[in-house]
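> Would you mind keeping the following structure in view while I ask a few things?
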Amino acid sequence: MTGYDCPACGGQRAIHAFLHGDISKALHYNLFLIVSLPYFFGVLYTTISKSKVSTILYKYIQHKYTILGYATLFIIWWIARNYFGI
């Protein structure tokens, strides 16, 4: 509608390429999404699991400053991909 890419544009293609083992193509489609996968899995693990390790990791992975930092990087990615054509 505006002609700008949203931060998640190419996300489905990136995940598809990643799951098929084509990492370079996945990074080309949406670099930030692929780089964010370890954080997403960490959030998922600390939310679902009730182990001692997940309880310790929860304090760091889901800390308010970690979430704020991720949100800040997300907005920077949004601006950079439109300004620099990434």
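> Hey, can you list the DSSP H helices of the chain whose Cα span along the axis is 20 Å or longer and whose average Kyte-Doolittle score is at least 1.6?
Working: long enough: 31-48 (26 Å, 1.90); 64-83 (28 Å, 0.63).
Going by DSSP H runs, the hits are 31-48.
> Next up: What would the Debye formula give as log10 I(q)/I(0) at q = 0.12, 0.21, 0.25 Å⁻¹ for the alpha-carbon point model of the chain, no solvent?
Calculated log10 I(q)/I(0) at the listed q: -0.45, -1.01, -1.14.
> While we're looking at this one, here's another question. Round to the nearest 0.05 the FRET efficiency obtained for residue 31 and residue 58 when R0 = 25 Å and r is the Cβ-Cβ distance. Walk me through the intermediate numbers first.
Values: r = 27 Å, r/R0 = 1.09.
Computed FRET efficiency for residue 31 and residue 58 comes out at 0.35.
> To make sure I understand the rule: partners must be lysines, Cα under 19 Å from the Cα of residue 50, and not fewer than 8 residues away in the same chain. Which ones qualify?
Leaving aside lysines fewer than 8 places away in the same chain, those within reach of residue 50 are 59.
> Here's another thing I want to ask about it. Multiply the residue gap between residue 19 and residue 70 by 0.36 nm, knock off their C-alpha separation, and tell me the result in nm, one decimal place. Provide the component values of the computation, followed by the final result.
Details: separation 51, 0.36 × 51 = 18.36 nm, distance 2.34 nm.
Value of the extension gain: 16.0 nm.
None of the figures in this text is laboratory data; all of them are computed from the coordinates on show. Please read all numbers here as calculations on a predicted model, not as lab measurements. Note: ideal-geometry Cβ built from the backbone for every residue, glycine included; neighbour counts use all protein chains shown.
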